[in-house]
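The values are calculated or read from the model by the stated rules, or taken from the named source; none is laboratory data. The structure displayed is predicted, hence computed values, not measured ones. Cβ placement follows ideal geometry from the backbone for every residue including glycine, while neighbour counts extend to all protein chains displayed. SASA here: full protein model, heavy atoms, side chains in, ligands and nucleic acids out. Shrake-Rupley method; radii C 1.70, N 1.55, O 1.52, S 1.80 Å.
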Amino acid sequence: MELVSRPDPHLREVVWFAACCRALTLLLQARCLLDSSPLFFFQALFNLLIPDHAADAFHPPRLSEPGLWDLLLERLLGGLSHWDAEHFLFIAERGYLYEHNCAFFPLYPLSVRAVAEGALWPLQRLLRLRSRLLLSAVLLNSLFSVLAAAALYKLGCVVLQCRRVAFLAAVLFSVSPANVFMAAAYSESMFAFLAFSAMWQLEKGQSWLSGLLFSLASGVRANGLINAGFFLYSRGKCFALQLQVGSGSVRKLPPLWKQLLSVASSAVLMCAGIFLPFALFQYYAYVRFCGPGTGLEQAVPKPLLQLALDKGYRLAAMDGVKPPWCSQRFPVVYSYIQDAYWNVGFLRYFELRQIPNFLLALPVTLLGSWAAWTYIIANPRHCVTLGLERRKSEEEGKPRAGFCCPAVFVYVVHATVLLAFGFFCMHVQVLTRFLGSSSPVLYWFSAHLLQEYEPLLWSEGTDNQTAAPRSEKSLLGKSPGSCGKGTSENPIVRLLLNRRFITPLGKCVLGFFLSYWLLGLILHCNFLPWT
């Protein structure tokens, strides 16, 4: 992939800003540095009012005594190893020892282990394996989050046909509300990079490379399977438009059955490739937990065996008793774990005691719903026809640009499906990171709102308080392809430097991104419910 195909000042600014935001996140969460940071007052207040949450979360015992350098690294980066990060680090260290570890897909922990054993091998005399794994996860996520921002920018340029909005969306991604999960030992950064890159390659017509990236993404997170819809829609749309061109054209086209066969075969092959990692992982879990006993429990350290007994965790081939899901017609461990361990299902989270978590998810729910409604109102006919009708603007070679352009339709559908599924079927507090790492729509729509309704972004100057004429030129400030030097070119920096003049809508958008970034950092590093 060519993330940097030719000099692009906007792309350089995206990469630089993303790297700075990642460094700032790591700096703020470092426990030994927090005392001298502006967040110390809030951190101390949270520690006094709400001590570390005594959650029944996965926390395996440390089997070896940490050294001096291990303690130092834990103090610096320990806040990034809470909640699900414990699962990923444990899998990277010991494999899928417990049944419920199989809820976390293997590509990310495999990558973390590879870097820890490869690039960080010289540090083995100073750091034990778990410390190297934590350092490996932080380094990988820092890299993947920066690359994801660059891929989102490239994707936006192709889909939106508006470089300025694509630039603003990529910058907003760098201060994503899910920022802490992009830095912690979670798989969100890797998934975002693979998903955005696959979407970009598909828009460029690189179907096979896109299929490979989508396949890798499905080996990182289960919701990567939904990305098969992008390829199916792309093939279906091409087929429908080709039929419409052929009906009124003298150009000779292949017979209809050949066109159908070509579309169907490519769709089957690509979907099979995307589903292959998921199927292989389910087969691996079946062999490991449903196969004959291997005496594995004899090789498991006693503290980990005791943890299994205390918490009710199931070990592979423990006592020769097979888990219930092994006898199902389709033995899928992932769905069983979600149901049995985390009570995930339709409307199961709708309880009075979960109201605080629904309030946490309310901003992203409203933003996602607003984005879908805005697109539907702007393109009613396009939505009714599922974007399969050739439009006059396309025939004239002048497609609409920006968030409401026809090409965004499939992304809005994808985001809406994820939003509905996450709200009604999942633990709703994960909705922010779930959408923030899977869909570009939240960033595109937020950039659309700022670019359309924030006067500070309409002109060259930063102190213009009056609304400029709403022509395309004034809305873009400069021409889409140009980019000057200096920090004022970054729209987020421009808005923050002139925050007194930001409109209420601009304050809401920026406030959502920045406040959730800091709130997530405090809650996650204090082991409070925020996952």
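What to note about this one:
- Per-residue HN-Hα couplings for the range 175-186 [Karplus 6.51, -1.76, 1.60; θ = phi - 60°; Hz; x = Gly/Pro]: 10, 4, x, 8, 4, 5, 7, 6, 9, 5, 6, 10
- Carbon + sulfur, % of accessible area of the range 53-101 - ligands and nucleic acids excluded, 1.4 Å: 58
- The range 303-369: C-alpha gyration tensor shape, a/c 1.5 cut-off, then a/b vs b/c: prolate
- Using θ = phi - 60° and Karplus 6.51 cos²θ - 1.76 cosθ + 1.60, couplings along the range 259-272 (whole Hz; Gly, Pro as x): 5, 4, 5, 5, 5, 5, 5, 5, 5, 5, 5, 5, 5, 4
- Whole-percent carbon and sulfur share, accessible surface of the range 309-374, 1.4 Å: 62
- Solvent-accessible area of Ser369 with every protein chain in place, 1.4 Å probe, in Å² to the nearest 10: 60
- For the range 91-125, the set of trypsin sites (Lys or Arg not before Pro) satisfying both a DSSP loop assignment and a count of at most 14 other C-beta atoms within 10 Å is given as Arg125.
- Highest-first arrangement of 255-266, 67-78, 336-347, 413-424, where packing means the average Cβ count within 10 Å: 413-424, 67-78, 336-347, 255-266
- Gyration tensor verdict on the range 144-249 (Cα atoms; rounded if a/c is under 1.5, prolate if a/b is larger than b/c, oblate otherwise): oblate
- Prolate/oblate/rounded label for the range 92-154 (Cα gyration tensor, a/c 1.5): oblate
- Per residue solvent-accessible surface (Å²) - the range 67-149, probe of 1.4 Å: 36
- Accessible area expressed per residue, the range 173-273, with surrounding protein chains retained (probe 1.4 Å, Å²): 39
- Karplus 3J(HN,Hα) series, Hz, for the range 273-278 with 6.51 cos²θ - 1.76 cosθ + 1.60 (x for Gly, Pro): x, 5, 7, 4, x, 4
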